[in-house]
Amino acid sequence: MPPEWAITVIQASEVLSVLLGLFIAYHAYRGYRRNDSRPMLFISIGFVLVLAVPFLLLVLFLAVPFLTETIVALLSQLSQLTGLVAILYALRMPT
């Protein structure tokens with residue numbers, strides 16, 4: 001078991017990663033709205049799926065007792081994979 005300070009640092013870095021990802025997603029969405037750029041929309045969706053959804057699933061797992069760790073892990077992996085595909089699609093999308 002790692003020391004308590006290490007757990008705190010890990011949790012803080014996870015929250016910071018989610019906040020930074022949401023900040024990037026927000027700016028990508030603004031770029032989509034301003035320039036009517038579909039790739040920016042997919043980048044925004046991708047960042048939300050890669051960073052925010054797994055974090056929300058973790059919080060939900062801690063709050064709802066009947067969710068199993070396996071279900072949460074599966075949903076988290078599916079969300080991350082879908083988000084990465086959305087980002088890749090945005091990068092390869094013709095403009």
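Listed values, structure above:
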| item | result |
| --- | --- |
| Computed FRET value (nearest 0.05) for residue 5 with residue 67, which takes r as the C-beta separation and R₀ as 30 Å | 0.55 |
| Label-to-label distance, nm, for residues given as residue 85 and residue 23 (7 Å Cα→Cβ offset) | 3.0 nm |
| Top of 39, 54, 65 by mean-square fluctuation, Gaussian network on the chain, Cα under 10 Å | 65 |
| Per principal axis, descending, Cα span of the stretch 4-92 in whole Å | 45, 28, 19 |
| Estimated 222 nm signal from helices in the chain, with DSSP H stretches of n ≥ 4 weighted -39500 (n - 2.57), rounded to 500 | -27500 deg cm²/dmol |
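Every number in this text was worked out from the coordinates using simple rules, so none of it is lab data. Small disclaimer: the values here were computed from a predicted structure and weren't measured. Glycine also receives a Cβ, built like all others from the backbone with ideal geometry; neighbour counts cover every protein chain displayed.
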